[in-house]
Amino acid sequence: LDRCQRLNLSRNTGNWKLTGSPNYYGNSIGKGQRCLLDVVNTEVCKKAHHGSARSCFLSSQPLVEKFPSLQITSLGQLPNRFSAWNVPVIRFFHISPSFQAAPAPLFWIIIKPVQKLFAIILGRSIRKWWKSLPPNKRELFKESARKNKWKILLSVSSLGILFIVFYFTHLEETPITGRARLLVFGKEHFRELSEMEYEMWMAEFKNKMLPETDARYQVVERVVGHLSESNKDVPQVSEQKWVVHVVEEPGVNAFVLPNGQVFVFTGLLNAVSDIHQLSFILGHEIAHAVLEHAAEKASLVHFLDFLSLIFLTMIWAICPRDSLAIVGQWIQSKLQEFIFDRPYSRTLEAEADKVGLQFAAKACVDVRASSVFWQQMELAETIQGQPKIPEWLSTHPSHENRAEHLDRLIPEALKIRESCNCPSLSGPDPRLIFRLNMQRLLESSKDQQSPNSTKQDLTKPKLDLPHT
């Protein structure tokens, strides 16, 4: 969050970060490195689906053939380790960076505290003016207000109608999903800010960027290229130039700036089990950029800030003391945060999951692996004994709800995958493998408990969990 505060941006985040063993990824790709880096020719195929044209841009080879070293292991195979066991959990984890989720044009970043200060001064001045009035003048003022109550009501109603008209005249459809959303700032407002943010990240990680010759960089580049090639029928994907940056950082994180700059931390590469999970996560982040969630969130924050100025002025005018006004202001800000800001952020995350899953399906990814990733995150949190934070306190859906939401979307994603002439999925469902592994884990844990032990220490497990 310190990086965000450099531009005086604020966003309350519910996230936890996961750091992994630096040797884990090397174990995953070492032997199959040459296969991972093979250049695969692509071709365009178009097919009509249910009477409507659906364009699918497919690779000439299945995704797992292009990345053989990151295939999901088959049922019954027991790889030696699962990274979640040896990964310390640092609350909180999130895939999308807070800077991306709630940016605002630089002008409004500067003027926002000035607006609040003006509202506080105005409300405090009204309170002092009222207290300084003699009792007889107060009664005259109240009597005048009662006589002109309809005029006052009309003025307040006109202001409310003005806000409503402004809201509905700035509604637009979200690309792909068609959801109606408030959009005060367009994409052009964020070009300069995106460049500033990009320069900030590059300065932050200038000594941590992996070279293009690094195998991990090339894996991410192939995945991003495959996703963009497979979704060329989406104008927002084909018109954007996607540039990959892989950062040597232990945090589990990835994000895509509105200008197409893709940042992936090596901690994420350590945490994913296979290329399918990585493809879904990057599809999710690309979906944030394609759906213009940054501009949408900034528009909502800007609109709510103007409304809150009215309430802020009233709080400082009505409260008899400054201390009570400060408490009232804090309550007002928390109500806005938990009633509007955080639920809206969770809605955008769910939408990015849905569209990202569609992007992955058109790229012939095994979309079933998407929910397994979030189950792994849930498992890692449980292993470390971290208390579960209620979803309403977070800007992101809980891992459990996220996995369930993806499970509901997977059947439709499989239909999209089939319509794009993708190869049939072979082997067992990775979700089934994960459940069986959990069952084996529980059984093994019970066997390892000593007769006198009443409580198992899950922070230092001795068994190896199959790496799905």
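A few notes on this one:
- Check on ALA352, hydrophobic (A, V, I, L, M, F, W, C), touching a helix residue (DSSP H, G or I) at 6+ places or on another chain (Cβ under 8 Å), at pLDDT 95 or above and part of a helix (DSSP H, G or I): yes
- Sole residue being out of contact with any Asp or Glu (no Cβ under 8 Å at 6 or more places or on another chain), modelled with pLDDT of 90 or more, open to solvent by 90 Å² or more (accessible area, probe 1.4 Å) and aliphatic (A, V, I, L, M), chosen from LEU117, LEU122: LEU117
- Residue ID - farthest from LEU227 (Cα to Cα), chosen from residues in segment 340-358 that are open to solvent by less than 10 Å² (accessible area, probe 1.4 Å) and not aliphatic (A, V, I, L, M): SER345
- Filtering GLN384, GLN375 for residues that are on the phi < 0 side of the Ramachandran plot, crowded, with 20+ Cβ neighbours inside 10 Å and touching a residue at least 40 places away in the same chain (Cβ under 8 Å) leaves a single hit, GLN375.
- Here ILE389 does not fit the description of being of a type outside the set (Lys, Arg) and closer than 17 Å to ALA369 by Cβ.
- Flag if ASN253 is surrounded by fewer than 20 Cβ atoms within 10 Å (Cβ to Cβ) and of a type outside the set (Gly, Ala, Ser): no
- For segment 387-404, a residue qualifies if it is surrounded by 14 or more Cβ atoms within 10 Å (Cβ to Cβ) and out of contact with any Gly (no Cβ under 6 Å at 6 or more places or on another chain), and the qualifying residues are ILE389, GLU391, PRO397, SER398, HIS399, GLU400, ASN401, ARG402, ALA403, GLU404.
- All positions within segment 159-195 that are in a helix (DSSP H, G or I), open to solvent by 60 Å² or more (accessible area, probe 1.4 Å) and of a type outside the set (Val, Ile, Thr): LEU159, LEU162, PHE166, TYR167, PHE168, LYS187, GLU188, HIS189, ARG191, GLU192, GLU195
The values are calculated or read from the model by the stated rules, or taken from the named source; none is laboratory data. The structure presented is a predicted model; accordingly, all values stated were derived computationally and were not measured. All Cβ positions, even for glycine, are placed from backbone atoms using ideal geometry, and neighbour counts span all protein chains on display. When the accessible area is computed, the model is the full protein with side chains, heavy atoms only, and any ligands, DNA or RNA have been set aside. Shrake-Rupley method; radii C 1.70, N 1.55, O 1.52, S 1.80 Å.
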